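A quick write-up on the structure given underneath.
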Amino acid sequence: MDTYGRITGPRLATLLGSWRHGSRQGALALAGAIELQVLDGHLPVGTQLPAERELAQALGVSRTLIGAALDRLREGGLVASRRGAGSWITLPGKAGESGPIFPGESENIDLVCAAPAAIPGFVQAVDVARRGLAEQLGHPGYSERGLQVLRERLAQRYTERGLPTSPAQIMITNGAHHAFGLALRMLSDPGDRVLVDQPTYPNALEAIRGAHAIPVPVALDTEGWDFDGIEAALRQAGPRLAYLIVDFHNPTGLRMDDDGRARLAALLTRARTPVVIDETLVELDFGSEPAPKPFAAGDWSILVGSASKAYWGGLRLGWIRASEELLSRLSSARFGLDLGSPVFEQLVLAELLTDPEPLRRRREDIRRQRDALADAVRRHCPEWTFRTPEGGFWLWCKLPEPMSTRLAVAAAAHGVQLAPGSRFGANGGLERWIRLPFSRLPDVLDEAMRRIALAAESARGGEAFAPVT
């Protein structure tokens, strides 16, 4: 796709591959091939298709065949068309409601939820998992630590990243947030303190408060972690647990290097403080530099991961990597919450882990979206500053004045939902900062920033700053 959510003729021809264009039923075969790409996630809903002439030239067929194939797809509800707007991918029963992905003024753009659509190849993985389900149906379906095949593949991932791991050190959970909840349940009591970054993931703060524990924030600066501050907090506050994000931090996008990880591990080990390391974003590494090894601080390191950002938020699975002794304790804590994770979803994730190509393409797409958002911020809001992350899903933008909450309110009036900086602070604040996820397509991000610039003008109550042309 190009930067506006439109797939070019040559790109679509490459995706379709060999689709029997020489057969008598060429239009039917072409329609079927396009439908397969839609179902497999390669052509997301809203993707604008090339013009008939362009596609005919790319495929080496007549425009008559292209028109007949599009007619069949329109009849099936997979394609919608409008004069002057072309044709785009839709869903059955939604042809009148969908359109090209460029949003109109009346459409709302959600920049609070930082999650992409399902990864291409997801439906294929579901089909393979469905065939493997028969083997599981003769068993009760309960597994406190998860299916062996999935634990083996996750353990292999950790080993390949430089942290030798066995399947016995892996537990499957219902997401990384569920995994953190288990650790809180096991390792903290009401009134205990939990060390966190400032800023940090808002739902982690809610989980800490929900456990009647007290977050103890240590501020990050624009360059990284304050290890002296962490050491002081460990010594003075005596936290029972720490929750940290060291890979493409939410919301700053920072990544801790190997030296920093070694220093942090030494501090936590000396203080005998267990730590939950949230690795939800670790797979979204754009690869410009060698990746640091996974964090390790003895037997009290709990690494939690998730399928939500790398594969799909609807695949509600995560995992814990910890010592066998610690996993035994976590298993006991789990019985009060749930009895295991769903089997079929585990089979799907196990299949997704076998093919690195869709994840590689996802990284490329997200990197293009990052660049598109960065460019849009510079053009529409040139007074804002940010550090370009090497992975993850967001820009952490510094505003020209303390206005984050006002901006979020004003942006809502312009059809853009934003999370103000205060949501990421243990005690509010952070009014000079706003998080902008780049999990949407480039043209949507550009439209969002156009609206946000208008909202910023009203939030500041002063003179507008002119977009850069």
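The values are calculated or read from the model by the stated rules, or taken from the named source; none is laboratory data. Just so it is clear, the structure is predicted and the values come from calculations on it, not from any experiment. A quick note on method: Cβ atoms are made from the backbone with ideal geometry, for glycine too, and the neighbour counts reach across all protein chains shown.
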Using beta carbons and a limit of 8 Å, which pairs, at least six apart or on different chains, have the first residue in region 184-198 and basic (Lys, Arg) and the second one in a helix (DSSP H, G or I)? ARG185/ALA333; ARG193/ALA237
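Residue by residue through region 320-341, note down the ones that are of a type in the set (Ser, Thr, Tyr) and either farther than 17 Å from TYR142 by Cα or in a loop (DSSP other than H, G, I, E, B) (or both). Before the answer, list the steps.
Narrowing region 320-341 to residues of a type in the set (Ser, Thr, Tyr): 323, 328, 331-332, 341.
SER323, SER341, listed by residue number.
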Residue list for region 255-267, restricted to those being crowded, with 22+ Cβ neighbours inside 10 Å and over 22 Å from GLY318 (Cβ atoms): LEU264
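Examine region 85-106 for a residue that is among the hydrophobic types (A, V, I, L, M, F, W, C), surrounded by fewer than 16 Cβ atoms within 10 Å (Cβ to Cβ) and at pLDDT 85 or above, and state whether such a residue exists. First the steps, then the outcome.
Taking region 85-106 first, the residues among the hydrophobic types (A, V, I, L, M, F, W, C) are 85, 88-89, 91, 95, 101-102.
Pick out the ones that are also surrounded by fewer than 16 Cβ atoms within 10 Å (Cβ to Cβ) and you get 85, 91.
Next, from what is left, pick out any that are at pLDDT 85 or above: none.
No: region 85-106 contains no residue that is among the hydrophobic types (A, V, I, L, M, F, W, C), surrounded by fewer than 16 Cβ atoms within 10 Å (Cβ to Cβ) and at pLDDT 85 or above.
Which residue is surrounded by the fewest Cβ atoms within 10 Å (Cβ to Cβ), if the candidates are limited to region 229-254 and must be without any contact (Cβ under 8 Å) to a residue 24 or more places away in the chain and among the small types (Gly, Ala, Ser)? Show your work before the answer.
Restricting attention to region 229-254, the residues satisfying the condition of being without any contact (Cβ under 8 Å) to a residue 24 or more places away in the chain are 229, 232, 236.
Imposing the further condition that a residue be among the small types (Gly, Ala, Ser) reduces the set to 229, 232.
Details: GLY229: 15, ALA232: 12.
This residue is ALA232.
Mind telling me which of the residues ARG387, ARG378, ARG423 ends up being outside any loop (DSSP other than H, G, I, E, B) and farther than 19 Å from LEU205 by Cα? Break it down stepwise before answering.
Working: ARG387 fails: outside any loop (DSSP other than H, G, I, E, B); ARG423 fails: farther than 19 Å from LEU205 by Cα.
Only one candidate passes the filter, namely ARG378.
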Only one residue in VAL282, VAL304, VAL276 is part of a loop (DSSP other than H, G, I, E, B) and of a type in the set (A, V, I, L, M), so which one is that? VAL282
Can you name the condition, by its number, that ALA426 falls short on among (1) under 21 Å from the mean Cα position of the chain (by Cα); (2) within 30 Å of LEU195 (Cβ to Cβ); (3) touching a residue at least 24 places away in the same chain (Cβ under 8 Å)? (1)
Residue within region 314-324 that is in contact (Cβ under 8 Å) with a residue 60 or more places away in the chain, surrounded by fewer than 17 Cβ atoms within 10 Å (Cβ to Cβ) and not hydroxyl-bearing (Ser, Thr, Tyr) present: yes
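Of all residues in region 124-149, which are farther than 16 Å from ALA350 by Cβ and touching a helix residue (DSSP H, G or I) at 6+ places or on another chain (Cβ under 7 Å)? Even if it seems obvious, please write down each step before you answer.
Taking region 124-149 and keeping what is farther than 16 Å from ALA350 by Cβ, we get 137-138, 140, 142, 144.
Result: GLU144, single match.
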Per the list (1) among the hydrophobic types (A, V, I, L, M, F, W, C); (2) more than 22 Å from LEU441 (Cβ to Cβ); (3) modelled with pLDDT of 80 or more, residue check on TRP19 breaks on (3)
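Does GLY287 fit the bill of being on the phi > 0 side of the Ramachandran plot, in a loop (DSSP other than H, G, I, E, B) and not β-branched (Val, Ile, Thr)?
On the way: on the phi > 0 side of the Ramachandran plot: yes; in a loop (DSSP other than H, G, I, E, B): yes; not β-branched (Val, Ile, Thr): yes.
Yes: the conditions hold for GLY287.
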If you take the residues in region 397-420 that are among the charged types (D, E, K, R) and not in a helix (DSSP H, G or I), which one is modelled with the lowest pLDDT? GLU401
Can you list residue pairs whose Cβ atoms sit under 7 Å apart, with the first residue in region 129-145 being closer than 20 Å to ASN174 by Cα and in the same structural domain as VAL343 (by TED's automatic domain parsing) and the second being of a type outside the set (S, T, N, Q) and part of a loop (DSSP other than H, G, I, E, B)? Count only pairs 6 or more apart in sequence or on different chains. TYR142/LEU339; TYR142/GLY340; SER143/GLY340; GLU144/GLY340
Lone qualifier among ARG370, ARG387 - being surrounded by fewer than 21 Cβ atoms within 10 Å (Cβ to Cβ) and either under 22 Å from GLU431 (Cβ atoms) or in the same structural domain as ILE434 (by TED's automatic domain parsing) (or both): ARG387
Within region 275-302, track down each residue that is at pLDDT 95 or above and over 29 Å from ASP355 (Cα atoms). VAL275
